[in-house]
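Structure, as structure tokens:
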């Protein structure tokens with residue numbers, strides 16, 4: 001009986017076969033299986049003989065709540081799950097050794113994992129591979145050739161982190177994100193979305209900055225949700241998620257962000273989501289550290305308005321803006337959001353009163369304003385999902 005440890009519904013109703021091969025990274029598979037289940041998936045493990053020398057099948061049975069497949073029997077397990085009209089929605093091989101890569105690339109199925117792979121190829125079940133091996137093996141020309149061949153056959157790869165002489169297995173959050181994208185319906189496939197997020201910062205001197213309390217979590221969650229739904233995503237913010245597949249610009253000042261966004265939009269985008277808390281003011285920074293033993297007066301000057309600059313240069317571009325206010329009524333907040341919407345011809349505005357929370361926190365309470373008004377409260381991931389539901393209808 002599959003255990004229910006769900007905290008997200010993104011993989012609800014999906015059955016994932018987790019193929020485990022003989023890399024030391026197999027010890028990470030208990031955590032990976034549980035993370036997939038937290039997102040709603042049913043997980044069934046299949047293990048090679050070499051994998052069983054590293055992690056006991058009982059550990060995977062405990063992790064998944066399902067019997068572990070360690071050999072192909074008269075029950076033709078590979079067909080049951082990965083055959084035509086089988087139970088599996090995805091075959092995820094993590095970790096995948098160089099040996100297994102080579103066998104898959106040449107149609108050899110002499111382990112339970114490779115037999116599942118051969119069957120999945122023949123029936124069109126999607127396959128994701130997460131390699132893990134020594135760096136010297138990962139750099140072998142034949143291994144590189146085999147990876148290329150599998151990519152041509154439609155296999156997706158979650159690249160390893162190459163460090164300390166090893167091509168280490170990707171983190172479980174990154175693997176789950178790629179699984180979500182593969183199984184998410186890809187309703188935004190082919191759409192290019194540029195998102196700004198987080199606070200910008202204006203230099204006061206070589207050490208000090210003028211910035212805001214914005215954490216950047218909303219921008220990141222929007223980028224992740226757009227990626228899950230198949231979009232090509234660019235995120236411009238003061239930071240780096242490091243997530244594969246999301247193209248990122250790390251910027252600091254309002255001027256830097258405006259320049260990066262205007263330059264990137266010239267490449268052609270379907271939508272700009274301006275979620276960043278961009279500085280309203282900038283300052284001419286001192287060339288050396290300002291002494292701390294005396295009173296200092298700072299002269300602030302208006303910073304460039306990103307949405308204004310974008311609208312002037314790209315009059316037809318769809319734009320979603322964010323409006324943060326403090327100490328206003330709900331009606332005043334919505335009215336100010338509508339004014340911004342009309343002034344800059346925005347497709348949608350997301351508005352909130354930050355005096356009651358939201359900036360720098362994990363949760364928020366917002367109003368999504370387009371043709372109507374929708375109130376959404378909860379985690380920033382939940383809010384990102386609601387916004388992307390609107391984006392799907394818009395694009």
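The values are calculated or read from the model by the stated rules, or taken from the named source; none is laboratory data. Small disclaimer: the values here were computed from a predicted structure and weren't measured. Using ideal geometry, Cβ is built from the backbone for each residue, glycine included, and neighbour counts are taken over all protein chains shown.
Answer with yes or no whether residue 79 is over 18 Å from residue 171 (Cβ atoms), assigned by TED's automatic domain parsing to the domain that holds residue 154 and outside any loop (DSSP other than H, G, I, E, B).
yes
Condition first: under 20 Å from residue 100 (Cβ atoms) and touching a residue at least 60 places away in the same chain (Cβ under 8 Å). Now tell me which residues in region 65-83 satisfy that.
Matches in region 65-83: 81, 82.
Suppose we filter region 219-248 for residues that are modelled with pLDDT under 95 and either in contact with a helix residue (DSSP H, G or I) (Cβ under 7 Å, 6 or more places away or on another chain) or surrounded by fewer than 18 Cβ atoms within 10 Å (Cβ to Cβ) (or both); how many remain?
7
Among the listed residues 267, 323, which satisfies the condition of being surrounded by 14 or more Cβ atoms within 10 Å (Cβ to Cβ) and either in contact with a helix residue (DSSP H, G or I) (Cβ under 6 Å, 6 or more places away or on another chain) or over 19 Å from residue 198 (Cβ atoms) (or both)?
The unique qualifying residue is 323.
On the basis of being assigned to a helix (DSSP H, G or I) and surrounded by fewer than 23 Cβ atoms within 10 Å (Cβ to Cβ), does residue 99 make the cut?
yes
Is it fair to say residue 142 is surrounded by fewer than 18 Cβ atoms within 10 Å (Cβ to Cβ), modelled with pLDDT of 95 or more and assigned to a helix (DSSP H, G or I)?
Considered against the rule, which asks whether it is surrounded by fewer than 18 Cβ atoms within 10 Å (Cβ to Cβ), modelled with pLDDT of 95 or more and assigned to a helix (DSSP H, G or I), residue 142 comes out as yes.
So which of 93, 54, 72 is over 28 Å from the mean Cα position of the chain (by Cα), surrounded by 16 or more Cβ atoms within 10 Å (Cβ to Cβ) and within 28 Å of residue 167 (Cβ to Cβ)?
54
Cβ-Cβ below 7 Å, separation at least six or inter-chain, first residue in region 315-337 and farther than 23 Å from residue 272 by Cβ, second at pLDDT below 95: which pairs?
326/353; 326/354; 326/355; 327/355; 328/353
In region 145-160, which residues are surrounded by 14 or more Cβ atoms within 10 Å (Cβ to Cβ) and either out of contact with any strand residue (DSSP E or B) (no Cβ under 8 Å at 6 or more places or on another chain) or at pLDDT below 95 (or both)?
Listed by number, the residues that qualify are 146, 149.
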